[in-house]
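Heads up: the structure comes next, in structure tokens.
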Amino acid sequence: MLKDKFVVIGVTGSIAIYKAVELVRLFKKAGANVQVVMTKSACEFVKPLTFQVVSQNPVITDMFAEPSSWEVEHVALADKADIFLVAPATANIIAKLAAGIADDMLTSTALATNAKKIIVPAMNVNMYENPVTQKNIEFLRATGAIIMEPEEGELACGYTGKGRFPKPQNIITQVKIILGKDGDLKDKKFLITAGPTREPIDPVRFITNHSSGKMGYALAERAIHRGGEVILISGPTNLDPPLGLYKYIQVETAQEMFKAVMQHYPEVDVVIKAAAVADFSPKHFEAEKIKKHGFNMIIELKKNPDILQELGNKKQHQILVGFAAETTNAAANAQDKLIRKNLDFIILNDLTQEGAGFAKDTNIVKILYRDGRIEELPKMLKKDLADEILDRVFLYMEQYQKL
């Protein structure tokens, strides 16, 4: 996503500048070509040499320095930029950008570039909430700049409130989302399910499974970064929802997931059912905690709604992708599920293989198609597998002109 992208990062005189060093490092790690432009005030906090080392590029600090080649430097820089990022952005630089002032290399380049601009404010809470600053922010937003809201918490000045520099990884994610707006999944609407369900037995106990939600969350994140509009319906997990979701719906039981999925099914183009939904739930819920009585206890179960089957029955224009977690006769069981539930293809997890299945960062899968083809993929990280699955969704859309 960021490989070979030209990212211009304007750095201003905020105490949060030390976090911008890590931000530049993460951009470089992701394969971006980073050019740092520092204001004079920024140089009072961190020396340009620091950014030069982590960016592996000379740092621009002086608009009137001797150019290394014949070109109008701020214009050339503006033309190269895929993204123009000001991080951290002080109240002063926000005011100058809003007024169209161009009195240094950063502001001149900002005025000359047509690249998407992202402004990341970091300042004292009172300065941030000052009506003048807010008016300037709203003006920049109205002109097309993306304002990444600061976080709340304890500030370097001793105050507590809104004004903290966001986590550098969250800024990277925001840039990926913006660059992905024109990706291969642009304008495609996805419904992705993730995680387990919990079926209550009594107020303190429930039936569930080992699903961590990692596969579904990886699929949602990668679909967003490739331009997709994603509804993520998730059972209970310990994961943070990906940034940029169109909608995030948390559920507990299979019945709740069924209701949420069916509600949004008509509006989407692609459904990927990565959740591990409980097949059964207790027939009776005990209002009080069940006490021990002897050594045996019988819990009578009832069948939960089959969400994937219902989606297959109601399928019209949608591409429908399922998952199968198997321990015996894996391929045969998955193929049966694929046909019986009217799927376009199915992802088979053979839980007997090391590195596959629940609560792991890796997976080993086979992809089974309706025409009988079976494609075996090597062991890989779930985030990489997510791209492999989405690649096949895209090819399927192109081949069959489903959308």
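Taking the stated definitions as given, is Gly227 of a type in the set (Gly, Ala, Ser), outside the structural domain of Lys360 (by TED's automatic domain parsing), part of a loop (DSSP other than H, G, I, E, B) and under 27 Å from Gly31 (Cα atoms)? Here the answer is no, as Gly227 does not meet what is asked. Across the range 28-39, not a single residue is classified as among the basic types (Lys, Arg) and farther than 27 Å from Lys3 by Cβ.
Residue by residue, here is whether (1) at pLDDT 90 or above; (2) out of contact with any strand residue (DSSP E or B) (no Cβ under 6 Å at 6 or more places or on another chain) holds:
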| site | (1), (2) |
| --- | --- |
| Ala32 | yes, no |
| Ser41 | yes, yes |
| Ile60 | yes, no |
| Ser69 | no, yes |
| Ala99 | yes, yes |
| Ile118 | yes, no |
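If you filter the range 2-20 down to residues that are among the hydrophobic types (A, V, I, L, M, F, W, C) and crowded, with 18+ Cβ neighbours inside 10 Å, you find that the one that is nearest to Asp184 (Cα to Cα) is Leu2.
The condition (being surrounded by fewer than 22 Cβ atoms within 10 Å (Cβ to Cβ), without any contact (Cβ under 8 Å) to a residue 60 or more places away in the chain and in contact with an Asp or Glu (Cβ under 8 Å, 6 or more places away or on another chain)) is satisfied by just one residue among Asp182, Asp187: Asp187. Scanning the range 152-167 for residues that are free of Cβ contacts under 8 Å to residues at least 24 places away in the same chain and loosely packed, with under 13 Cβ neighbours inside 10 Å yields a count of 4.
For every residue, the table says whether it meets (1) acidic (Asp, Glu); (2) buried (at least 19 other Cβ atoms within 10 Å of the Cβ); (3) in the same structural domain as Ser212 (by TED's automatic domain parsing); (4) at pLDDT 90 or above.
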{"position": "Phe323", "(1), (2), (3), (4)": "no, yes, yes, yes"}
{"position": "Asn349", "(1), (2), (3), (4)": "no, yes, yes, no"}
{"position": "Thr362", "(1), (2), (3), (4)": "no, no, yes, no"}
{"position": "Lys366", "(1), (2), (3), (4)": "no, no, yes, yes"}
{"position": "Asp371", "(1), (2), (3), (4)": "yes, no, yes, no"}
{"position": "Asp384", "(1), (2), (3), (4)": "yes, no, yes, yes"}
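The criterion of being crowded, with 16+ Cβ neighbours inside 10 Å, at pLDDT 85 or above and in the same structural domain as Ser212 (by TED's automatic domain parsing) does not hold for Arg340.
When the range 156-183 is limited to residues that are at pLDDT 90 or above and assigned to a loop (DSSP other than H, G, I, E, B), the one that is farthest from the chain's Cα centre (by Cα) turns out to be Phe165. Somewhere in the range 125-136, is a residue under 23 Å from Leu23 (Cα atoms), touching a residue at least 40 places away in the same chain (Cβ under 8 Å) and in contact with a strand residue (DSSP E or B) (Cβ under 9 Å, 6 or more places away or on another chain)? No: zero hits.
The values are calculated or read from the model by the stated rules, or taken from the named source; none is laboratory data. Just so it is clear, the model here is predicted, and its values are computed rather than measured. Because the Cβ atoms are built from the backbone with ideal geometry, glycine has one as well, and the counts that use them run over all protein chains shown.
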